[in-house]
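Note sheet for the following structure.
The values are calculated or read from the model by the stated rules, or taken from the named source; none is laboratory data. The structure displayed is predicted, hence computed values, not measured ones. We place every Cβ from the backbone using ideal geometry, glycine too, and count neighbours over all the protein chains shown. Protein only, heavy atoms only, side chains kept; ligands, DNA and RNA dropped before computing areas. Shrake-Rupley method; radii C 1.70, N 1.55, O 1.52, S 1.80 Å.
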Amino acid sequence: MDGALIRMATDPRSPTVAVGLQGSCCSGCAVTAYPAEDACPRCGGPAEPAVLQGTGRLWTWTVQRYAPKSPPYQAPPGGFVPFALGYVELVEGVRVAAVLEVDDLDDVRIGMPLTVTAGHGVPRARPTTPGEEGS
Amino acid sequence: MSTDVLICGAGRTPFGRSEASGRQLAVGAVNAALADAGIEWSRVRAAFGGSDSAGLADTLVAQLGLTGVPFINVKNGCATGGSALVSAVNAIRSGMADVVLAVGFDKHPRGAFDPRPEDWGLGAEYGSDGLMVTTQFFGMKIQRYMYDHGITPRTLALVAEKAYRNGGLTPEAWRRKPVSAEEVLESGMVSDPLTRYMFCSPGAGAAALVLCSPEAARSLDGPPVALRSAAVRTRRFGSFEVFSPWIPGGQLTSVSRDASAAAFEEAGIGPGDVDVCQLQDTESGAEVMHMAECGFCEDGEQERLIASGVTEIGGTLPVNTDGGCIANGEPIGASGLRQVYEIVQQLRGRAGERQVPGEPRVGFTHVYGAPGVSACTVLSR
C-alpha cells in the first residue's frame, strides 16, 4: 500500500495528486504554518520549510451556497455548484483551510477524518480511506 | 485617574440605501450632533473621522465651514469609528482641544463585500477557487462554537428576530419589519449554519459625536454622558479571522476579549455593572459569541439566556436595542459610532419606544472586524 501511494505521488501524469503540503515550522516555538512563511508569525524568528503529512480531522466547515462574485471567482466548466469548505486540523497541529471534496454535502461532520492535498489551487480535502490512515 | 471625557452631542442619519453620498450623510450626522450639543461648528477645536469606502473625512470642512480646525482622517476598517473616538478622547486628555468631533460614515454597493486576495497577502487561487467570501468565515466560526458549546440554530434565529423587532422601534433603522424566528430559519441557507435573514447587509449611513472636557461641558446645556473608557486592540497570535489560509491549533485567542477587558479595566467596572450594551452583530452568531467574548456570560450560557429573554429590551442585559447591524445594516465606518449614539440615547432616557426601563446608568459598546480588530467603550451617566 505504501509503495502504491509513493508511485501515485510521483506520477507526472497526475499533477494534482498528493505531493505534500509545503508548510513551515519555527525551530524556536514549534509553530507550524501553511502556506510556508519566512518568519514565524508567533515569535518572528526564522521558520524552516516543512512538508506536512496532510492527514487530520475536520475542525469546522460551512457550505458555499451561492456563486461567489466573479471575478475573482472562476466557476468550473459545468458552472457553479454549492461546495463545502472548512479547516482541517492536521496531525502537526495546524488548521488548514481547504475545499472539501465530499460526495454528499449532508455527510460533512466536525471530526471526520480527512486528507488534505495541495495542487494548483487551494488545498483540497477528501475523506480519508481506511487504508490511508496512519500512512 | 485621567481626565474625564464627556459626550455632549450625538447624531446619526437613517441607515440603509440612500440617494445621498456618504459625505452628505456625514455632514447630516455632524450637524445633528452639533445641534444636540447646542454648539456651532466653529466651537470645535479638533476633529477625527473616516469611512472605509466613501471618501476622506477631512474634506467635510468644505461643507461644515473652513475654520482651520485640525481634522485627522482615520481609516481602520470596522474600527474606524472606534479609532476616531479614541483619538478624540486622547486629544481632550492631552489638552490639545476641549471640544472635539468624531465622525464615521460609509456607503457600500449592494451585496457582500468584494475583497481582492492580493490585498490580504493571499495567492490568487483563494479568489478564483471561491474562498474570498466573508460569509464563509462567519459560518465556520459559529459552526465550531455551536459544536463546542451546545448552541442551536433556534438561538441564532432568536437573535435575528430580536434585531428586527428592535429595528421596528428605531426610526432610523433600515430593517423595520418584524421577522419571526421561523421565517429567519427558512430564509435560505447562505453559509451553513447561517441563513439569509441572520446576516446584516452593507449599506449607507453616518454617525457623529461631540466630546468635551469637563470644563467645556459645564458651559453647555443638556445632560452629558461620561465616556469612562475607549479601547482599541488588534489580534494576538492564535485568533480565528476572516481570509486565513490557516489558523493555529489549540485554544483560540480573541481580540474582542482583549479589547473589552481593557475597556472594563480602564473604566474600573466589570460586565456585571452594565445595564445596556451594543455588540457587533454582523450576523446572529457574532452576537452570541461576543456575549461571551466581552465577558457578559460563560461560553454556552447564551442558549438559556437568549431563550429566556435576557437580551431583550426588557431583560436584565438588553443587547442591540436599536436592532444592531442586522436591522441597521453595516456602513463600516459608521457602525461603531452608531452604537455609542444608541447608548447615549439610552442613558439619557431619550430612546423612545425602545427605551430600556429602569433608568440604565452604565452602557457598553463593542465593534469587531477584519483583519482582527476590536474597539470597545464603557459609558455612564
Open item on the list: Looking at the structure I just gave you, is B:Ser87 in contact with a strand residue (DSSP E or B) (Cβ under 8 Å, 6 or more places away or on another chain) and closer than 20 Å to B:Ile343 by Cβ?
Closed with: yes
TODO: State whether one or more residues within region B:108-131 are of a type in the set (Lys, Arg), open to solvent by 30 Å² or more (accessible area, probe 1.4 Å) and within 18 Å of A:Ser70 (Cβ to Cβ).
DONE: yes
Task: Residue ID - most open to solvent (accessible area, probe 1.4 Å), chosen from residues in region B:248-272 that are more than 20 Å from the chain's Cα centre (by Cα) and under 15 Å from B:Ala226 (Cα atoms) - done: B:Gly268
Open item on the list: Here is a check on your reading of the model: is A:Thr129 at pLDDT below 90 and open to solvent by 20 Å² or more (accessible area, probe 1.4 Å)?
Closed with: yes
Task: Test: B:Arg175 is surrounded by fewer than 21 Cβ atoms within 10 Å (Cβ to Cβ) and either modelled with pLDDT under 95 or among the charged types (D, E, K, R) (or both) - done: no
Task: Single match in A:Val116, A:Val102 (criterion: in a loop (DSSP other than H, G, I, E, B), within 28 Å of B:Gly249 (Cβ to Cβ) and either within 10 Å of chain B (Cβ to nearest Cβ) or modelled with pLDDT of 95 or more (or both)) - done: A:Val102
Task: Evaluation of A:Leu52 against (1) aliphatic (A, V, I, L, M); (2) at pLDDT 95 or above; (3) more than 30 Å from B:Val190 (Cβ to Cβ) (one fails), failing number - done: (2)
Task: Subset of region B:56-90 [closer than 13 Å to B:Ala26 by Cβ and open to solvent by less than 60 Å² (accessible area, probe 1.4 Å)] - done: B:Ala57, B:Asp58, B:Thr59, B:Leu60, B:Val61, B:Leu64, B:Phe71, B:Val74, B:Thr80, B:Gly81, B:Ala84
Open item on the list: Being among the aliphatic types (A, V, I, L, M) and either more than 22 Å from B:Ser128 (Cα to Cα) or more than 9 Å from chain B (Cβ to nearest Cβ) (or both) is the filter here; which residues of region A:56-97 pass it?
Closed with: A:Leu58, A:Val81, A:Val88, A:Leu90, A:Val91, A:Val94
Task: Complete set of residues in region B:126-151 that are of a type outside the set (Ser, Thr, Tyr) and more than 7 Å from every other protein chain (Cβ to nearest Cβ) - done: B:Phe137, B:Phe138, B:Lys141, B:Ile142, B:Met146, B:Asp148, B:His149, B:Gly150, B:Ile151
TODO: Kindly indicate whether B:Ala102 is open to solvent by less than 30 Å² (accessible area, probe 1.4 Å), assigned to a helix (DSSP H, G or I), away from every other protein chain (no Cβ under 14 Å) and in contact (Cβ under 8 Å) with a residue 60 or more places away in the chain.
DONE: no
Open item on the list: Consider region B:214-239. How many of its residues are surrounded by fewer than 21 Cβ atoms within 10 Å (Cβ to Cβ) and touching a residue at least 60 places away in the same chain (Cβ under 8 Å)?
Closed with: 11
TODO: Write out, first by first residue and then by second, each pair whose Cβ atoms fall under 6 Å of each other, whose residues are 6+ apart or on separate chains, and whose first residue, in region B:249-275, is among the hydrophobic types (A, V, I, L, M, F, W, C) while the second is open to solvent by less than 40 Å² (accessible area, probe 1.4 Å) and part of a helix (DSSP H, G or I).
DONE: none
